[in-house]
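Q: Sharing a structure below in structure tokens format, with a few things to ask.
The values are calculated or read from the model by the stated rules, or taken from the named source; none is laboratory data. Please read all numbers here as calculations on a predicted model, not as lab measurements. Don't worry about glycine lacking a Cβ; one is built from the backbone with ideal geometry, like all the others, and counts go over all protein chains shown. Only protein heavy atoms, including side chains, enter the accessible area calculation; ligands, DNA and RNA are left aside. Shrake-Rupley method; radii C 1.70, N 1.55, O 1.52, S 1.80 Å.
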Amino acid sequence: MNANSPAPKPGDDPGRVVLLTTSHRVAPGLLSWPAWQLLHEADRVLCADDAHPQLPYLREAGIAVEEAAPSAGEIVDACAGGRTVVVVATGEGEPALTDGLARMAGTGRVRMPELELLPASYDLPGARLLDLVQVMDRIRVECPWSSLQTHKGLAKYGIEEAYELVEAIEEGDREELREELGDVLLQVVFHARIAEEHPEEPFSVDDVAGGIVAKLIHRHPHVFGEETADTPEDVKAHWLRTKAEEKRRGSVTEGVPLGQPGLALAAKLVSRVRTAGLDVPLPVGEGVGYELLALAARAEEAGVDPEAALRAAARVYRDAIRFAEGGRGEG
């Protein structure tokens, strides 16, 4: 039927057309039970893409799928008489078909079938990470700049992005926080993609994710095991104990990066000493360095992050500078 065809009789059932959508981030064939029921009960199942990843699985399940890209009028004709036609949507979502149906409905001269949208598979939490991995893979291959990058060359960007993330957190800017988390995540995926090309010891982003999953499970026996933890202190004790078992370090200073900011480094060393129950007095000397070391130790003992405290004070000073500059400009 098309817009110029005679309208069906009032008693005719115009049927229904169901647009079946699937997520490319979910393995083909893993469809919801309502979707499988609909596919088996439908009078016709159509798909415009003969390479659609779902087609082999639908046919294996006994679904007769016609490779066709019907017009809106053809769909209306196919549904007439109370029939159900399922259109397995391509990645674009069949905009030509839905637009055509909307135009026909707008004429008021055609009794339209019921139009339904049925998502047959849904993205799981974290599914968009698959997109990021795919995009990064293509960029690594095709981008003249990205294809030449190394772990060492990207190291400075990791530091910069981490600082920008901290700033977004401290400023309380939610939109900026989301963006900076994405930038940090990019560094992880970028480094993992480079690591795949190592000639002797390659690893992938799946290896990275698998490693941290195993670590988190092992360090949370109160969540994934039979141990209990009723307070944050209990959790920290579990974490430190399992971490010590994993690392078996010869010194509490192992694993403390010397390249981090000075106040953070000093506080970390003091924390390691206190946690290990060691009695190591602070070195005595003259100069600002020793004074800052003592201040960092005081802050750590008081449960204060000296680096964050100094940044907070610096921001207050920055605002005072801007206020002074504004006042000077008005004068």
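Q: For Pro221, indicate whether it is under 25 Å from Ala162 (Cβ atoms) and either touching a helix residue (DSSP H, G or I) at 6+ places or on another chain (Cβ under 8 Å) or at pLDDT 85 or above (or both).
A: no
Q: I would also like to ask the following. Any idea which of Glu233, Glu227 is closer than 22 Å to Thr275 by Cβ, at pLDDT below 90 and either within 20 Å of the chain's Cα centre (by Cα) or in a helix (DSSP H, G or I) (or both)?
A: Glu233
Q: Just need a number here: residues in the stretch 64-75 that are under 27 Å from Ser32 (Cβ atoms) and open to solvent by less than 60 Å² (accessible area, probe 1.4 Å).
A: Looking only at that region, the number is 5.
Q: How about the stretch 256-282: which of its residues are in contact with a helix residue (DSSP H, G or I) (Cβ under 7 Å, 6 or more places away or on another chain) and in a loop (DSSP other than H, G, I, E, B)?
A: Once the filter is applied, which keeps residues that are in contact with a helix residue (DSSP H, G or I) (Cβ under 7 Å, 6 or more places away or on another chain) and in a loop (DSSP other than H, G, I, E, B), the stretch 256-282 yields Val256, Leu258, Pro261, Val280, Leu282.
Q: Moving on to the next point. Please find, within the stretch 236-265, the residue that is modelled with the highest pLDDT out of those that are of a type in the set (Val, Ile, Thr) and open to solvent by less than 50 Å² (accessible area, probe 1.4 Å).
A: Val256
Q: Search the stretch 122-138 for residues that are closer than 12 Å to Leu186 by Cα and pair each with any residue that is surrounded by 12 or more Cβ atoms within 10 Å (Cβ to Cβ) and of a type outside the set (A, V, I, L, M, F, W, C) when their beta-carbon atoms are under 6 Å apart and the residues are at least 6 apart or on different chains.
A: Met136/Arg193
Q: Pick out the one residue from Ala35, Ala3, Ala27, Ala51 that is within 34 Å of the chain's Cα centre (by Cα), aliphatic (A, V, I, L, M) and modelled with pLDDT under 90.
A: Within the list Ala35, Ala3, Ala27, Ala51, the selection yields Ala27.
Q: Then there is this: Write out, first by first residue and then by second, each pair whose Cβ atoms fall under 7 Å of each other, whose residues are 6+ apart or on separate chains, and whose first residue, in the stretch 191-215, is closer than 16 Å to Leu154 by Cα and touching a residue at least 40 places away in the same chain (Cβ under 8 Å) while the second is loosely packed, with under 11 Cβ neighbours inside 10 Å and polar (S, T, N, Q).
A: Ile194/Thr150
Q: His222 - would you say it is surrounded by 10 or more Cβ atoms within 10 Å (Cβ to Cβ) and either touching a Ser or Thr at 6+ places or on another chain (Cβ under 7 Å) or closer than 30 Å to Val288 by Cα (or both)?
A: Yes; evaluated as a whole, the condition is true for this residue.
Q: I'd like the full set of residues that are acidic (Asp, Glu) and at pLDDT 90 or above, limited to the stretch 308-331.
A: Within the stretch 308-331, Asp319, Glu325 meet the criteria.
Q: Which residues, taken from the stretch 271-298, are modelled with pLDDT under 90 and among the aliphatic types (A, V, I, L, M)?
A: Matches in the stretch 271-298: Val273, Ala276, Leu278, Val284.
Q: For the stretch 43-102, what are the residues that are under 15 Å from Leu20 (Cα atoms) and of a type in the set (Asp, Glu)?
A: Asp43, Asp49, Glu66, Glu67, Glu92, Glu94, listed by residue number.
Q: Take the conditions open to solvent by 50 Å² or more (accessible area, probe 1.4 Å) and in a helix (DSSP H, G or I) and apply them to Glu307. Does it pass?
A: Here the answer is no, as Glu307 does not meet what is asked.
Q: Among the residues of the stretch 12-24, which ones are at negative phi and over 33 Å from the mean Cα position of the chain (by Cα)?
A: Asp12, Asp13, Pro14, Arg16, Val17
Q: On the given criteria, is Thr107 of a type in the set (S, T, N, Q) and under 14 Å from Leu19 (Cα atoms)?
A: Answer is no for this residue.
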